[in-house]
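Step one of this worksheet: look at the structure below.
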Protein chains: 2
Amino acid sequence: MNNQQTPTIQDVARLAGVSTGTVSRVLNQRPGVHPETRARVLEVVQRLGYVPMQAARELTGKGDTVGILLAPGVRRYIPYFVLLFEHLSEALWQAGLRLEETPTDPAGLPLKPAKGYILLGAHDHDPRLEALAQARTPHVLVGVYPGAFWVAPDDEGGAYAATRHLLELGHREIAHLTGQPQHQAGRERLRGYRRALEAYQVPYRPELVLDGDFSTLTAYRVVRKAWEGGLRFSALFAASDEMAVGALAALEDVGQRVPQDVSLVGYDDLPEVGEQLTTVRQDIAEIARTTARLLKEALAGAAPHGIRVPVRLVVRGTTCLKEVEG
Amino acid sequence: MNNQQTPTIQDVARLAGVSTGTVSRVLNQRPGVHPETRARVLEVVQRLGYVPMQAARELTGKGDTVGILLAPGVRRYIPYFVLLFEHLSEALWQAGLRLEETPTDPAGLPLKPAKGYILLGAHDHDPRLEALAQARTPHVLVGVYPGAFWVAPDDEGGAYAATRHLLELGHREIAHLTGQPQHQAGRERLRGYRRALEAYQVPYRPELVLDGDFSTLTAYRVVRKAWEGGLRFSALFAASDEMAVGALAALEDVGQRVPQDVSLVGYDDLPEVGEQLTTVRQDIAEIARTTARLLKEALAGAAPHGIRVPVRLVVRGTTCLKEVEG
DNA sequence: CAACTTTCTGTAATCGCTTACAAAAGCTGG
DNA sequence: CCAGCTTTTGTAAGCGATTACAGAAAGTTG
């Protein structure tokens, strides 16, 4: 009767010669199943390629539905968020959580309550944090928010590593293209940049800090204008790959070769953005998995805490040793 | 017993004094329900803010799962696709279709088969079309593909309207910033531009066609370089809002005011991109709904056909009458 | 080996919704 | 007023999982 269909728990039970209850217990790693039985069931599961149907388990009240809340004003086109979103939906599913569309009111609060939330791009004094905390709704923030559950990449560390890389290549005039100061990530990366300079006893020169906004176009204009205005540097650390792409074009247009004349480091390592860039890789998949894990903890009522996800410098073709003059 | 819980179909039935079957029929717009009863049920649904639980309806076998396939090489960060994606997931849900994550192999073919597919950004001779047609898998394409189910905005008409708008404002030197020629949309918009010029008997000047690639940065560079190279025009029609944003910045940087010196028209009318732009609005929600509808037809085995979704010129602040010289 | 425990497994109710089928109600004309 | 329709509504059986609860099997003990 069950020809060609995707297998159900019934099929597994039948083939393994046990009841559906037992299969379910095996699948959910519940105790009280004989090891041999367990093995047999798992073997059949494997063979059939059986995957429990999410809808059904949700019906039993198992599958908690969660929502993702993007801060109002945050442009959801930003590659980083698009990717994070994708990985989150994958990670949540893996964790047995179901991601739901969450329409929000103008204040950014969800109209349809879910069991828990993930907040992206929250500002430090986001009123929604207050509201969620008041309502004791489990939530996890991506970013640093002491007192709540949070997950954040080690932005300062990444920026430090990027800058140090340039320093070790012999560069001393290192410019930094920032993100908006209202974004935590932008601030932290600036901090990492300064800390690295300090560690190498290179004086901090404010004029080398160029104000960007994470957009490619602005990066281009700022860098070009600065260079045409006479600012010189042998290396540039951009706070995002997108900005690095803009900077790269600008440098090219003012006649500088990368990396021979100016070394360039980006940040994020987004696929399809600046393929050959030396950059700092954020493991977005890892951030997503960690977020999902914390959300489960939050749903289980654990005490809030935060986790830093490490980042890694990836050296590619846009940086090189500073050429010693003459 | 059902205190504080999200309401179920049972609650609705009880309060409306009917059976769950009837409520279900109302909700699914099935015939054979007395108008009065229908109204009463809807009233209760409204009052309770009842929303059917997707998991449950999926369990009944209702929810055909469908997948969205993005052509390989298409950058999914593109605002247009992000938006289309969102609207599609909404529209599919409304149509009772369940959108599934569809991991694909390197060739862009789905690994986990769904009942039907929506293809975005397909090229004209995409091998996947062949494969899907062979396998008789129902699918709908966004774009024009005679012989298959397709939905496409009226790009040529939109471009025509945009260009005509500029012509009627008295402009005669109208430049056009194109998308890549391998994109249907880019080609069609160029065609609309040419057709409008023809209709107004303005000679077509190839040098006024600037090669863009739908990106903001390239738009900026191309426009700036062209202007600095001596090219002059009193109006510019960009084939996307993102390119218009780049063009706007470029014009500003070469000392031209918009719209006093140069009128500018974009395309797409994406929220959060170039708010004040005169542009051509694509009704993405409508495209999504139409796509969902066609997919249902395809699933039902209907004969393939295509639908054009109309677009609309939205006049805002970046266009004005051409000033007649002193 | 009887009498208990303890471990393991099966049974069946349940979640919220859809839908085939049956039943009831509303018409119609003679 | 009733047979014979048609329209409207209710009933109940699933869909695929989970999980109390009960029952069977295996292990312990005196």
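The values are calculated or read from the model by the stated rules, or taken from the named source; none is laboratory data. Computed from a predicted structure; not experimentally measured. Cβ sites come from the backbone with ideal geometry, for glycine too, and all protein chains shown count toward neighbours. Heavy atoms of the whole protein, side chains included, go into the accessibility calculation; ligands, DNA and RNA do not. Shrake-Rupley method; radii C 1.70, N 1.55, O 1.52, S 1.80 Å.
Dipole magnitude for chain B: computed about the Cα centre from +1 point charges on Lys and Arg Cβ and -1 point charges on Asp and Glu Cβ, it is near 1040 debye. Derived scalar couplings between HN and Hα for the stretch B:167-180 equal 4, 5, 7, x, 6, 10, 9, 10, 8, 10, 9, 8, x, 5 Hz in order, rounded to whole Hz, by the Karplus curve 6.51 cos²θ - 1.76 cosθ + 1.60 (θ = phi - 60°), x for Gly and Pro. Each other residue within a Cβ distance under 9 Å of B:V254 adds +1 if Lys or Arg and -1 if Asp or Glu, for a net charge of -2. Our summary gives the stretch B:155-282 a relative contact order of 25 percent, counting only alpha carbon pairs under 8 angstrom and 6 or more residues apart.
Across B:H165, B:H183, A:H176, the residue with the most accessible area heads the list, and the full order at a 1.4 Å probe is B:H183, B:H165, A:H176.
Ordered from largest to smallest accessible area (heavy atoms of protein chains, 1.4 Å probe), the residues A:H123, A:H34 come out as A:H34, A:H123. Positive-end ranking of A:C320, B:G317, A:S89 along the dipole of the protein assembly as shown, with charges on Cβ about the Cα centre, is headed by A:S89. From largest to smallest, the equivalent ellipsoid semi-axes obtained for chain A from the alpha-carbon gyration tensor read 47, 23, 17 Å. Coupling constants for the stretch A:154-160 follow from the phi torsions by the Karplus curve (6.51 cos²θ - 1.76 cosθ + 1.60, θ = phi - 60°), and in residue order they are 7, 4, 5, x, x, 5, 4 Hz; glycine and proline get x.
Using a simple spin-label model with pseudo-atoms 7 Å out from Cα toward Cβ, B:Q10 and B:A285 lie 3.5 nm apart. For B:D253, the distances from its label point to the matching points in the remaining copies are 0.3 nm, ordered from shortest, with each point set 7 Å beyond Cα toward Cβ. Projecting the Cα atoms of B:P259, B:P138, B:T178 onto the dipole axis of the protein assembly as shown, where Lys and Arg carry +1 and Asp and Glu carry -1 at the beta carbon, places B:P138 farthest toward the positive end. Measuring between their Cα centroids, the stretch A:7-23 and the stretch A:77-93 lie 35 Å from each other. Summing charges over all other residues whose Cβ lies under 10 Å from the Cβ of A:L295, with Lys and Arg as +1 and Asp and Glu as -1, gives +1. For chain A, the tally of Lys pairs with Cα-Cα distances below 22 Å comes to 5, considering only residues 8 or more apart or on different chains. Each copy carries B:I307; placing its label point 7 Å along the C-beta direction from Cα gives inter-copy distances of 4.5 nm, listed from smallest up.
The mean number of partner chain beta-carbon atoms within 10 angstrom of a residue's beta-carbon across peptide A:72-78 is 4. Placing A:K225, B:K322, B:K296 in order of accessible area, with the largest value first and a 1.4 Å probe, yields A:K225, B:K296, B:K322.
Rounded to the nearest 20 debye, the dipole size of the protein assembly as shown about its Cα centre is 2020 debye, using +1 on the Cβ of Lys and Arg and -1 on the Cβ of Asp and Glu. One residue of chain A places its C-beta nearer than any other to the axis carrying A onto B; that residue and its whole-Å distance are A:A55, 2.
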